Structures are given as structure tokens and as C-alpha cells.
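Read the structure below first, then the notes.
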């Protein structure tokens, strides 16, 4: 590459070489990322679920490990000039010229930003040392040229779907039955007509499922389309069809683990999904496609754009019970929260900062089964001092002084977690009419069940630690007591005898720190009698030690309990579909 001849590059040969080195590092990273991503197909075909989980963790860890390596290569080239800000600024300009026009320019520039910020420990933004554009997210073409294609030609929908499924190369146990079930299900859900359908070439993988993602050109406008495939002992089969915006939004939601999808142009895929799911932030779409660093970049841009267009915005204490471990603040009009670890924890908490950070790392590396909120870790954020409500700033400076400091007109937050803001379930249950409150409380029980089946015990089941999403879904967001289910000893409360019957429970019942008594959970939920009974009726096992021990035993024996990422109504063969589709599901 003749970098000296390209417009915008410095005449300094070391600058040009350094810019080329960063681009080479980016392409090296992309190659490693791609290798891990492409393995997902082999894992799915071979039903190598342990390997798939190992790859998922390795890909999550890749970015931070690679960053140190890239900085080492940069320093070996730059030598003493590594510490020169003017040198980095020149490399930034040269790198911008090298990456201009590339479809992956946003991803490439985020790598440069990560290198610069880590080396200089940048506080806030250093415009001369990084690519800083708080404008709209990275542009992409929602038509996904070269990726989104109509179904193959055919006289009828069944024939076209049979060809589309066959082109993916999976060993379906009954290809004709799958094609017919999908065609009939689409016809049933869009009014009996044969709509136009486009599918992305790339297959999306996550945990033990593969997904075909596309779009239906329905009479009422474009609708998302997802076909979920599972691979069991008898071969691959189509398990579900998702065409409702809410269902697909949750599948691509911030409470899910990241997909493995070997996309040629990630920005186009983000634009495609954004057009179908307009309420979903670009930052979350990048993250769920496995691009966590870009997701953080876009999240920060979203926050900056919000404050730029809402100069009157204030950062206030988030609604809900004041946390013993975290101080939580939020903009009034932007649905995100910033969580800062307190310097000291109130009794009875006996954790330390390292314990809390370890919990968040655990969550990032587990299958979140749609019930654990994604927490993006940020460092050295700067906010205008005037943006804080006085009481919130006093709390941060007084109780989080190891992390938060103020200097003149700015506030520095050295470390925090950023999450989507949810309505705390305890508040939601009191504020909402009976029907939505009942739905949310019952879904809380389902959330605890889903987490248990994934091998996670929330630790603290109080409603204040769960939130309700805009889709009415109960999610867990307070991770400081979370642990693996295998670490817990679930016990029944023993029968009291003699004078113990008149003494407080804690005075006569010995409990090891790992002991949990599920039958006591309902005593602390603070629900109305009607909501409490609805929860007990729907999920009695959550309050029974033997149910929890049964889940532990099944996980020990089988190693895995399935938690489908879609409702039963999305399954092929759900009520309302044709007889063929129903029969197809019953034989699965």
C-alpha cells in the first residue's frame, strides 16, 4: 500500500507507518473475531454446545486482550514518540484517510479510539486523539445489498421455502415438513396471502439455536421475520416463526446474549434491523450482533446527542429503593441509568468492590436468557456539574468519592455501569391497574424460573431488584447477590419446637451463608394479597426448596435446561395455525 500517496496522510513516514499498523491491527482483530464467529455453524451442526459456549466467552474476551497486544505493537514502532499527543493526533488524521469510505470504518475507528483512550487514560473526550462524532450512528443501507435476497423462484410458497432452507445446507430431519409449516404459518399470520419475503444470507447463531432473519412485505408494511432452527438427535428442524415486532425486539434485546453472525457489512445489518425495530437503539443492535465496543461507542453518542438537544436535562436519582451497593442516577428524559459502586456498603452487605465487579463479569459471560440486563462498563466519563441535581451530586461526592470527583464545572466518573432504565417492579406493581400489575408479577416468577433453568440464582428476590421493560417483561438488574445455582443450599424451614415457637426465627434457626429458605421469600415481597396469590398459583415451585433442588439435580445430570427465547405462541403449530403446522409441531 502506497500510504504516502494517499490524500490526507502526513509527510512524516513514521506517522504513515503507524496509521498503517493500526489498520493492520484492526484487520487482524477482524480475522480473529471472524474465526470465532464462523465456528458457530460447525458447533451447531455437530451439536457441540460446550464448544459454542467456550467460543462465546473467548469472543467476548477478545477485544480487551487484543487491545494490549495492539498497543504493544504500536509502541514498538513509535518508540519515544508514543507519548507525544501531537504524534497521535497526526496518526489519527492519517488513519481517518486510510479508513475513509470503508464499510467498516466505524468499527475500525473505534479500535483507534480504544487504543488512544487506554494509553492516555482519557477523561471525557479528547477530540484530537480520537474519532468523535456525536451525530447519528454509523450509516448503513437498510436494504443490505449483497446480503438481503428474495426467496428462490418457485410456483408456490412451499417450493420457495424448501429451496431457501435447502440452500442453508442443514440436515433437516424433514425438509418438506419444515418448508410447508413455515409457508402455512406466514400465510396464517398475514391474512392468507402470499407476501414477498426476503432473507439475509447470513445465519445467526446463539446458544443452541440458529436463526434465519429477514423481512415480510406485508400489506400493512414491512414486518420482521425470524425462523428459529433447533438441532436435536434426529436432525435440524424449524421450531418457531417470529413475525411480531415485540417478539423479534425481545430476541434482539439488551437482556440477551450476543449473536454469532458472520456479517459482511455490520452497519447494513444494523440499519436493516433498525428499520424493522425503530424503537430499538442503534447501540443495542451493535451489541447484540457481537460488536460490544461499537455498542458502547454508539451508546455514548446517544447520550451526547441527548444532552446536546436537551440542554435543560438533569441527572437525578433513579426511582426506586436506594441501593446499598450502587448509587444510581439517570437523565429524566433518556431511558438509561448510570450505576456507581459506593465506597462502603451498608449492613448487612459484606462484599467489597472486587466482588461486585466480578458479578458483572459473570453476567457478561453467561447466557442471559432474556432476563439479565446488559450492563456496559464505562470509565472516565465527564459530565457538566450543572447537569446534576444537587442532592444526587452530594450523594456521589460523599459516598462514591473513590470513583467520583468534581473539578470546577465538571464531574468525573472514573467507573460506572450503564444499563437501560426499567421501571422497578415494586413501584410498577403499586402504580399500574390490576391486569398489567398481575401480568408483571407472574412474569417475575417466570424470570426467576428462567434464571434457575440457566443455572443462575438471583440471590436477592425482592421486587425492587427487578424491573419492567417497555414490553412488560420482568428483568433482573441488581447483580450484587447473584451467584451460580450450584453454590446454593436450598433448605426447608425446620419445624419449631418448645420455646422456639415464640422466639424470632433468626434466634433459633442456624443458617450457613450458602443456605436459602425459599418458603420465606413471599414474606418479603410486599405484594397485595391478590397479587401474592396470583404469583403463588402461577409459580409455586419458586417458593419450595424441593423445586430448586430438582432444578439443581437436572442441571447436574443433563448439564442444560432449555429456555426458549420466544413464547409458545411463536412455535410452529401454535393455536391459530393450519392443521399441517399443528401436526408438524406435535411430532417434534
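The values are calculated or read from the model by the stated rules, or taken from the named source; none is laboratory data. Quick caveat, the model's predicted, so the values are computed rather than measured. Here the Cβ is made from the backbone with ideal geometry for all residues, glycine too, and neighbour counts use every protein chain on show.
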**OP:** Count, please, the residues in the range 316-332 that happen to be over 13 Å from residue 478 (Cα atoms) and more than 22 Å from the chain's Cα centre (by Cα).
**Re:** 4
**OP:** Just name the residue that is surrounded by the fewest Cβ atoms within 10 Å (Cβ to Cβ) out of those in the range 6-38 that are over 20 Å from residue 70 (Cα atoms) and within 21 Å of the chain's Cα centre (by Cα).
**Re:** 38
**OP:** Could you check, for the range 374-394, whether at least one of its residues is farther than 28 Å from residue 300 by Cα and modelled with pLDDT of 95 or more?
**Re:** no
Original post:
in contact with a strand residue (DSSP E or B) (Cβ under 9 Å, 6 or more places away or on another chain) and either modelled with pLDDT of 95 or more or surrounded by fewer than 23 Cβ atoms within 10 Å (Cβ to Cβ) (or both), is that true of residue 266?
Top reply: no
Subject >> Lone unmet requirement of (1) in a helix (DSSP H, G or I); (2) not assigned by TED's automatic domain parsing to the domain that holds residue 538 for residue 429 >> reply: (2)
**OP:** For residue 175, state whether it is free of Cβ contacts under 8 Å to residues at least 24 places away in the same chain and crowded, with 17+ Cβ neighbours inside 10 Å.
**Re:** yes
Original post:
Regarding residue 230, is this residue surrounded by fewer than 21 Cβ atoms within 10 Å (Cβ to Cβ) and either over 30 Å from residue 337 (Cα atoms) or in contact with a helix residue (DSSP H, G or I) (Cβ under 7 Å, 6 or more places away or on another chain) (or both)?
Top reply: yes
**OP:** Filter the range 203-218 down to residues that are within 18 Å of residue 190 (Cα to Cα) and in contact with a strand residue (DSSP E or B) (Cβ under 7 Å, 6 or more places away or on another chain), then give me how many there are.
**Re:** 5
Original post:
Just checking, which of 382, 408 is on the phi < 0 side of the Ramachandran plot and surrounded by fewer than 18 Cβ atoms within 10 Å (Cβ to Cβ)?
Top reply: 382
Subject >> From the options 196, 146, 96, residue that is within 17 Å of residue 268 (Cα to Cα) and either touching a helix residue (DSSP H, G or I) at 6+ places or on another chain (Cβ under 9 Å) or assigned by TED's automatic domain parsing to the domain that holds residue 286 (or both) >> reply: 146
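If we scan the range 388-401, do we find a residue that is in a strand (DSSP E or B), assigned by TED's automatic domain parsing to the domain that holds residue 330, surrounded by fewer than 19 Cβ atoms within 10 Å (Cβ to Cβ) and touching a residue at least 60 places away in the same chain (Cβ under 8 Å)?
So far as the range 388-401 goes, no, none of its residues is in a strand (DSSP E or B), assigned by TED's automatic domain parsing to the domain that holds residue 330, surrounded by fewer than 19 Cβ atoms within 10 Å (Cβ to Cβ) and touching a residue at least 60 places away in the same chain (Cβ under 8 Å).
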Subject >> For residue 106: the one exception among (1) at pLDDT below 95; (2) buried (at least 21 other Cβ atoms within 10 Å of the Cβ); (3) touching a strand residue (DSSP E or B) at 6+ places or on another chain (Cβ under 8 Å) >> reply: (3)
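Would you point out which residue out of 374, 298 is surrounded by 19 or more Cβ atoms within 10 Å (Cβ to Cβ), in contact with a helix residue (DSSP H, G or I) (Cβ under 7 Å, 6 or more places away or on another chain) and within 24 Å of residue 119 (Cα to Cα)?
298
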**OP:** Return only the number of the condition from (1) part of a helix (DSSP H, G or I); (2) touching a helix residue (DSSP H, G or I) at 6+ places or on another chain (Cβ under 8 Å); (3) in contact (Cβ under 8 Å) with a residue 60 or more places away in the chain that residue 66 does not satisfy.
**Re:** (3)
**OP:** Go through 506, 533, 552 for me and flag whichever is modelled with pLDDT of 95 or more and either in the same structural domain as residue 441 (by TED's automatic domain parsing) or in a loop (DSSP other than H, G, I, E, B) (or both).
**Re:** 533
Subject >> Candidates 440, 447 - the one that is under 28 Å from residue 327 (Cα atoms), crowded, with 17+ Cβ neighbours inside 10 Å, touching a helix residue (DSSP H, G or I) at 6+ places or on another chain (Cβ under 6 Å) and touching a residue at least 24 places away in the same chain (Cβ under 8 Å) >> reply: 440
Original post:
Can you tell me how many residues in the range 237-267 are within 20 Å of residue 45 (Cβ to Cβ) and either assigned by TED's automatic domain parsing to the domain that holds residue 109 or out of contact with any helix residue (DSSP H, G or I) (no Cβ under 8 Å at 6 or more places or on another chain) (or both)?
Top reply: 1
Subject >> Conditions (1) farther than 30 Å from residue 256 by Cα; (2) out of contact with any helix residue (DSSP H, G or I) (no Cβ under 9 Å at 6 or more places or on another chain); (3) free of Cβ contacts under 8 Å to residues at least 40 places away in the same chain; (4) part of a strand (DSSP E or B): number failed by residue 405 >> reply: (2)
Subject >> The listed residue being surrounded by 22 or more Cβ atoms within 10 Å (Cβ to Cβ) and in contact (Cβ under 8 Å) with a residue 40 or more places away in the chain, out of 308, 327, 279 >> reply: 327
**OP:** Quickly run through the range 206-238 and pick out the residues that are over 21 Å from residue 179 (Cβ atoms) and modelled with pLDDT of 95 or more.
**Re:** 206, 208
Subject >> Check on residue 383, under 17 Å from residue 317 (Cα atoms), outside any loop (DSSP other than H, G, I, E, B) and under 27 Å from the mean Cα position of the chain (by Cα) >> reply: yes
Original post:
So which of 58, 108 ends up being in contact with a helix residue (DSSP H, G or I) (Cβ under 7 Å, 6 or more places away or on another chain) and either over 11 Å from residue 22 (Cα atoms) or without any contact (Cβ under 8 Å) to a residue 12 or more places away in the chain (or both)?
Top reply: 58
